[in-house]
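Engineer: Below you will find the structure I want to go over with you.
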Amino acid sequence: MATIKERDRQVIWHPYTPMKIWPEAIAITRGEGAYLFDEDGKRYIDAISSWWTNLHGHAHPHIAQKVSEQLAVLEHCIFAGFTHEPAVQLAERLLEILPGEMSKIFYSDNGSTAVEVALKMALQYWKNKGVKKTRIVALENAYHGDTFGAMSVSGRSVFTEAFKDLLFDVTFIPFPTKDKVAESIGALKDALQKGDAAALIVEPLIQGSAGMCMYSAEVLDQYFRVAKKHNTLIIADEVMTGFGRTGPLFACDQITTAPDIVCLSKGLTGGSMPLGITATTQDIFDAFYNDDRLTTLYHGHSFTGNPAICAAALASLDLSLAELCTEQRKHIAERHTRFAATLAGHPLLADVRQTGTIIAFELKTDAPSYNSNIRDMLYRFFLERGIIMRPLGHIIYILPPYCISDADLDHVYASIEELLVQMTEQA
Ligand SMILES: *Cc1c(COP(=O)(O)O)cnc(C)c1O
């Protein structure tokens with residue numbers, strides 16, 4: 001009988017996959033905790049939380065139970081003109097913990113749609129107020145998703161190359177590497193002084209897809225202060241950073257200013273089901289709240305607010321807010337810091353950087369690119385050691401589920417050390 005992997009090759013087109021160059025997909029049959037198991041029974045440590053989504057481990061019994069209970073009661077219903085307990089409860093609970101003064105939750109389906117909704121909210125906010133502000137300001141090399149609006153506010157890259165002539169014009173300010181902080185903030189001021197900026201969108205503290213590029217809370221705070229001073233809305237894309245990745249629950253918890261709009265998705269359901277949230281303030285909501293139907297936010301999806309998915313998010317929130325999870329995150333962050341110290345000044349590493357539970361290792365290379373050969377070599381190196389990593393070009397990172405054991409994290413660290421030894425020998 002054909003394996004799943006073989007059948008896959010006949011019928012599936014995979015995301016972000018040059019199908020001729022990487023024709024093989026590993027067929028996963030089961031997940032448990034930090035592990036995924038393939039159809040041959042081989043076990044993998046999911047060191048990147050399955051694309052940054054998983055928080056509490058795979059097939060978590062609490063999430064599985066709550067979802068299955070909800071499916072048996074109400075699996076889905078239309079969300080315009082109708083509502084239900086899981087959606088209301090999730091909104092109530094999130095509004096209590098979100099950064100800033102969020103007062104309304106808008107549901108959609110994933111991170112890209114959460115960003116699309118945020119952009120539409122910001123642009124239409126000004127339109128509804130009769131103010132001409134139509135420009136979006138973003139950070140160089142940002143990644144906000146793959147739909148057209150989200151692509152437009154993302155850095156131009158191999159991801160957007162085929163569509164570049166169709167993306168709307170955005171002002172990109174330089175990424176605030178340590179020597180470019182003043183330049184970056186200066187560029188933001190210049191962009192906002194023109195008075196046409198509807199919103200600034202950022203990935204707070206870490207640009208994920210760009211290569212786990214990190215910047216300080218002080219810089220983030222300065223961006224937000226400049227935006228507020230120039231009457232520009234602030235969109236915090238916490239799709240990756242949300243739910244504890246950077247230490248506290250949200251990256252914006254580390255600063256004193258607050259965004260006007262927050263986007264959430266990846267960790268929202270603990271990595272179990274797709275859901276996007278765009279949270280916003282009363283002020284923004286009020287700009288859409290009047291008798292003129294033209295001021296309505298005409299956006300929605302068939303599965304908006306799906307009750308079973310909201311139940312998954314509620315179950316994940318139970319786990320995220322438990323003391324155990326806070327301790328696990330702290331423990332992982334401390335272990336990362338200690339491991340990073342052992343690699344300080346390594347001749348093959350251009351940089352080792354960490355924010356909370358995320359640690360990244362930038363290899364020295366002549367050919368840094370998402371599609372580089374070194375990326376494929378690294379990917380295979382870790383797979384052979386039973387570790388799922390997905391290097392961003394020459395940058396390796398660990399972004400683990402919070403339930404990862406010390407032994408498994410040790411194995412990941414040891415494999416990185418082994419890689420460096422092997423590369424030293426080959427150099
Ligand atoms: C992954 C990601 C997105 C897009 O989310 P999808 O669910 O993959 O559409 C948007 N913003 C950030 C910061 C992300 O990391």
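Engineer: Using only alpha carbon pairs under 8 Å that are at least six residues apart, calculate the relative contact order of the chain and give it in whole percent.
Structural biologist: The normalised contact order for the chain reaches 22 percent.
Engineer: 222 nm [θ] for the chain, helices only, -39500 (n - 2.57) per DSSP H run of 4+, per residue, to 500?
Structural biologist: The helix-only estimate for the chain comes to -11500 deg cm²/dmol at 222 nm.
Engineer: When the dipole is taken about the Cα centre of region 1-148, and only Lys, Arg (+1) and Asp, Glu (-1) are charged at their Cβ, what size is it in debye, to the nearest 20?
Structural biologist: On the way: 16 positive and 18 negative charges, 156 e Å.
Here region 1-148 has a charge dipole of around 740 debye.
Engineer: If you roll a 1.4 angstrom probe over the protein chains with everything in place, what fraction of the accessible area of region 79-120 belongs to carbon and sulfur, to the nearest %?
Structural biologist: Percent of accessible area from carbon and sulfur atoms in region 79-120: 53.
Engineer: Answer with one residue from 78, 316, 230: the one whose Cα lies farthest towards the positive end of the charge dipole of region 63-320, charges on Cβ with Lys, Arg +1 and Asp, Glu -1.
Structural biologist: 230
Engineer: What is the percent carbon and sulfur in the accessible area of region 140-271, measuring with a 1.4 Å probe over the protein chains and ignoring ligands?
Structural biologist: Of all accessible area on region 140-271, carbon and sulfur atoms account for 52 percent.
Engineer: Given the peptides 182-195, 274-287, 11-24, arrange them by the average over their residues of other C-beta atoms within 10 Å, most packed first.
Structural biologist: Numbers: 182-195: 16.0, 274-287: 20.9, 11-24: 9.4.
Averaged packing, sorted descending, gives the order 274-287, 182-195, 11-24.
Engineer: Within region 118-222, what percent of beta bridges assigned by DSSP are antiparallel, to the nearest 5?
Structural biologist: Numbers: 2 of 9 bridges.
Counting DSSP beta bridges with both partners in region 118-222, the antiparallel share is about 20 percent.
Engineer: Let's test the formula: R0 of 45 Å, r as the Cβ-Cβ distance of residue 24 and residue 83. What FRET efficiency results, to the nearest 0.05?
Structural biologist: Efficiency at R0 = 45 Å is approximately 0.50.
Engineer: Next up: Could you provide, to the nearest whole Å², the per residue accessible area of the chain with probe 1.4 Å?
Structural biologist: 46
Engineer: If amide H atoms are built 1.01 Å from N in the plane of the peptide, which residues on other chains or at least 5 residues away come under 5 Å of the amide H of residue 30?
Structural biologist: Amide H neighbours of residue 30, under 5 Å, 5+ apart: 37.
Engineer: Within the chain, which DSSP H helices have Cα atoms that stretch 15 Å or more along the helix axis and a mean Kyte-Doolittle hydropathy of at least 1.0?
Structural biologist: Result, helices passing both filters: 307-321.
Engineer: Another one. Nearest-5 percent of antiparallel DSSP beta bridges in the chain? Provide the component values of the computation, followed by the final result.
Structural biologist: Numbers: 31 of 47 bridges.
Once the DSSP bridges in the chain are tallied, antiparallel ones form about 65 percent.
Engineer: What ranking do 246-259, 327-340, 64-77 get when scored by the average of other Cβ atoms within 10 Å per residue, highest first? Mind dumping the intermediate values first?
Structural biologist: Working: 246-259: 21.7, 327-340: 16.8, 64-77: 14.5.
Result, highest mean first: 246-259, 327-340, 64-77.
Engineer: Between residue 283 and residue 365, what length in nm is gained on full extension when 0.36 nm per residue of separation is reduced by their alpha carbon distance?
Structural biologist: Taking residue 283 through residue 365 to full extension adds about 24.7 nm, to one decimal.
Engineer: What does the charge dipole of region 63-320 about its Cα centre add up to, to the nearest 20 debye, if the Cβ of each Lys and Arg holds +1 and the Cβ of each Asp and Glu holds -1?
Structural biologist: Roughly 580 debye for region 63-320.
Engineer: Then there's this: Could you work out how far the C-alpha centroid of region 144-205 sits from that of region 350-427, in angstrom?
Structural biologist: Centre-to-centre (Cα) distance: 28 Å.
Engineer: Considering every pair of different Cα atoms, what Kirkwood radius, in Å, is found for region 63-320?
Structural biologist: 18.6
Engineer: Tabulate in residue order the Karplus-calculated ³J(HN,Hα) for region 260-272, using 6.51 cos²θ - 1.76 cosθ + 1.60 with θ = phi - 60°, rounded to whole Hz; enter x for Gly and Pro.
Structural biologist: Karplus-based 3J(HN,Hα) across region 260-272 equals 9, 9, 10, 9, 10, 6, 2, x, 4, 9, x, x, 8 Hz.
Engineer: Using a 1.4 angstrom probe on heavy atoms only, work out the carbon and sulfur share of the accessible area of region 290-427 in %.
Structural biologist: On the way: 3400 of 6340 Å².
The value for region 290-427 is 54 percent carbon and sulfur by accessible area.
The values are calculated or read from the model by the stated rules, or taken from the named source; none is laboratory data. The structure displayed is predicted, hence computed values, not measured ones. When we count neighbours, we look across all protein chains shown, and the Cβ atoms used for this are built from the backbone with ideal geometry, even at glycine. Each accessible area value is taken on the protein alone, full model and side chains, heavy atoms only, with ligands, DNA and RNA left out. Shrake-Rupley method; radii C 1.70, N 1.55, O 1.52, S 1.80 Å.
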